[in-house]
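Student: The structure under discussion is supplied below as structure tokens; questions concerning it will follow.
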Amino acid sequence: MLQLDDVHANYGSVKALRGISMKVERHSVVSLLGANGAGKSTVLKTISGLLHPRSGSISFEGERTDRLKPDRIVSRGIVMVPEARQVFPELTVYENLRLGSYSRRDRSEVVKDYDDVFDLFPILKTKTKDFAGTLSGGQQQMLAIGRGLMARPKLLLLDEPSLGLAPILVQEIFSIIRTISKRGTTILLVEQNANMALDVSDYAYVLETGEISAEGTAAEMKRNDEVRRSYLGG
Ligand code: ATP
């Protein structure tokens, strides 16, 4: 569904990605693991068009997307939920969700999708008129994911969805990721929490200083000594 071929990307003189090649198959969950600063968020930014690769190519459903603007990429079906739960604090929960559906024309379908989001996150249904800024961290993360789903993505890019959440909420977020995947959305997940990420993933890539240092099925990665030492706590 998504393919990156030898993607290089820079921030000024900083070489953030140095030849990334990876694939995400339709209906799979793929995780991108690696230390802080390895380039994980940058991979998501290049896929979503916020940063254009300096060289290499990105294709989605067989068509090049690496020169498209972010809004065109959203219309193709790729939606990113950025790090640190970026919701609009001064808009209500409902307004935040509505923004997620902004680029869609199938208005009658949009109405149904609110119900799907509330089904996944019942707490949001009780807070539709509350300002997003008054929600707890976990609820804001749910809202950020809910807003992403309102665009009805084919491919959802999740950047560190469990960051800063209490353990019980981390469990809940991962269980929701599993549900979203079962409902048919393909997911590319960036996570520090490698153990839990591998539990929900089919395939994983490890990034080190802008390069892929290991890849394999989730089961292979769990057996990989290097991956265990560096990312799974031995
Ligand atoms: P983290 O989990 O800390 O976000 P990451 O693996 O997602 O880590 P990136 O954020 O992709 O890493 O960063 C990759 C490299 O690019 C790092 O060296 C980082 O310092 C640099 N970098 C990221 N964003 C910028 C920016 N806007 N300007 C300059 N350098 C940047």
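A short reminder: the numbers here are calculations on the coordinates, not readings from a lab. Note that the coordinates shown come from a computational prediction; the quantities given were computed from them, not determined experimentally. Note: ideal-geometry Cβ built from the backbone for every residue, glycine included; neighbour counts use all protein chains shown.
Student: Just to confirm a number: summing +1 for Lys and Arg and -1 for Asp and Glu over residues other than Tyr203 whose beta-carbon lies under 10 angstrom from that of Tyr203, what do you get?
Tutor: Its environment carries a net charge of -3.
Student: Summing -39500 (n - 2.57) over the DSSP H runs of n ≥ 4 in the chain and dividing by its residue number, what mean residue ellipticity at 222 nm do you reach, to the nearest 500 deg cm²/dmol?
Tutor: After summing the helix terms and dividing by residue count, I get -11000 deg cm²/dmol.
Student: Also, quick follow-up: Add +1 for every Lys or Arg and -1 for every Asp or Glu among the other residues with Cβ under 14 Å from the Cβ of Leu232, and state the total.
Tutor: Its environment carries a net charge of -1.
Student: Could you work out how much longer the chain between Asp119 and Arg228 gets when fully extended? Use 0.36 nm per residue separation minus the Cα distance between them, nm to one decimal. Present the calculation step by step, with values, prior to reporting the outcome.
Tutor: Working: separation 109, 0.36 × 109 = 39.24 nm, distance 3.59 nm.
That pair, Asp119 and Arg228, stretches by 35.6 nm at full extension.
Student: Subtract the Cα-Cα distance of Arg18 and Arg72 from 0.36 nm times their separation in residues, and report this length gain in nm to one decimal.
Tutor: Answer, rounded to one decimal: 16.9 nm.
Student: Under a Cβ-only charge scheme (Lys and Arg +1, Asp and Glu -1), can you give me the dipole magnitude of the stretch 23-76 about the Cα centre, in debye to the nearest 20?
Tutor: 140
Student: How big is the stretch 32-112 along each principal axis, measuring the range of its Cα positions in Å and listing the largest first?
Tutor: So the extents along the principal axes, rounded to whole Å, are 39, 31, 18.
Student: Now a separate question. Could you give the length gained by full extension between Asp106 and Thr128, i.e. 0.36 nm per residue of separation minus their alpha carbon distance, to one decimal place?
Tutor: Extra length available between Asp106 and Thr128 comes to 5.7 nm.
Student: Could you tell me the ratio Rg/Rh of the stretch 164-220? Both radii from Cα atoms, Rh via Kirkwood. Please report the intermediate quantities before stating the final value.
Tutor: Details: Rg = 12.2 Å, Rh = 12.4 Å.
For the stretch 164-220, the value is 0.99.
Student: Next question, about the same structure. For the peptides 141-151, 101-111, 29-39, 13-23, what is the packing order when you average, over each peptide's residues, the other Cβ atoms within 10 Å and list the highest mean first?
Tutor: Sorting 141-151, 101-111, 29-39, 13-23 by mean packing, highest first, produces 141-151, 29-39, 13-23, 101-111.
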